[in-house]
Amino acid sequence: MPASWRALGVLAGKARAARTMLLTHVERDSNSSSIRSHQEAVEQRDEQYAAVLAAAETLASTAFGTPQHEQASQAFTTARRQADQYARTASHRAPYARRARVALARDRETRVRDAELLTEGVGAQKQLYQKVRNRISEAIRDRSLLPMWFVTVLGPVAPTRRTEDWLEAATSLLAYRITYNISDQVLALGGEPDDDDPGRDQWRQELTEALRHW
């Protein structure tokens, strides 16, 4: 493969690794929900404490046994009970909210720091995939002899059904081999990687699952 393809793969691989450090949409939503949930409990607690203070003022300014005093007494008891309940809820949710704020702050910092890499990586991967896809299509059209590592997982020719799915799997597989400079002529994904690259691990798992269907 041309060296320029390998360069695209390296850049795309770095971006893929960087993306694994980011929170997913689901994770960001979950963290935001934890923060909102805690804030709601705090607001409800404060509202009830304000009601406790208002009832206490009424109790202090009205005579015992009067309707106003009785109503204030009931309001005081109810508000105090609810305030304590919301205070416990807020206290329980506080650690989750703190962790959520830290996670979201770290995620924002990472996105800003790696913004250029992430953008360039997406472009590099698109270019690599297009080049690889064209190469595979040419090989199929010309009835070229495909390497053993390819045939063992995807067969010698494209299937008549789900051809597009097959081509996507083949493209991703070849892009993976280029990205991580795999030269194994038998194992499609090469041996188990010995580096700590969560982006590669994730891609390898996705490919392993995709190749089972062929």
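The values are calculated or read from the model by the stated rules, or taken from the named source; none is laboratory data. The model shown is predicted, which means the values in this text are computed figures rather than measured ones. Here Cβ is always computed from backbone atoms with ideal geometry, including for glycine, and neighbour counts include all displayed protein chains. For the accessible areas, the whole protein counts, side chains as well, though only heavy atoms, and no ligand, DNA or RNA atoms are used. Shrake-Rupley method; radii C 1.70, N 1.55, O 1.52, S 1.80 Å.
Largest first, the residues Tyr176, Tyr49 sort by 1.4 Å accessible area into Tyr49, Tyr176.
Can you tell me the equivalent ellipsoid semi-axes for the chain? Use √(5λ) from the Cα gyration tensor, largest first, whole Å.
On the way: eigenvalues 824, 60, 34 Å².
That gives 64, 17, 13 Å for the three semi-axes.
Per-residue Karplus couplings for the range 165-182, computed as 6.51 cos²θ - 1.76 cosθ + 1.60 with θ equal to phi - 60°, are listed in order as 4, 4, 5, 5, 5, 5, 5, 5, 4, 5, 4, 4, 5, 5, 4, 9, 6, 8 Hz, Gly and Pro entered as x.
Here Phe64 and Arg98 are evaluated by their C-beta separation; at R0 = 41 Å the FRET efficiency comes out at 0.35. The angle between the Cα long axis of helix 67-113 and the main principal axis of the chain comes to about 20°, on a 0 to 90 degree scale. Computed in the context of the full set of protein chains, the accessible area of the chain at 1.4 Å probe radius has 52% of its extent on carbon or sulfur. Each residue of the range 45-54 was assigned a 3J(HN,Hα) from its phi angle through the Karplus expression (A = 6.51, B = -1.76, C = 1.60, θ = phi - 60°), giving 4, 5, 4, 6, 5, 5, 5, 4, 5, 5 Hz with x at Gly and Pro.
Quick one: go through the range 1-15 and flag any residue whose amide nitrogen is under 14 Å from the point 7 Å out along the Cα-to-Cβ line of Glu120. So the set is 7-15. Once backbone amide H atoms are built at 1.01 Å from N, Thr20 has no partners under 5 Å, excluding neighbours fewer than 5 places away on the same chain.
Scaled against the 2.2 N^0.38 Å expected of a compact globular protein of N residues, the Cα radius of gyration of the range 48-172 reads 2.49.
With a 1.4 Å probe and all protein chains left in place, how much accessible area per residue does the chain have, in Å²?
Working: 13490 Å² over 214 residues.
For the chain, the per-residue accessible area is 63 Å².
Got a sec? What order do Phe64, Phe150 fall in by accessible area at 1.4 Å, biggest, i.e. largest, first? Working shown, then result.
Values: Phe64 175, Phe150 10 Å².
From most exposed to least exposed: Phe64, Phe150.
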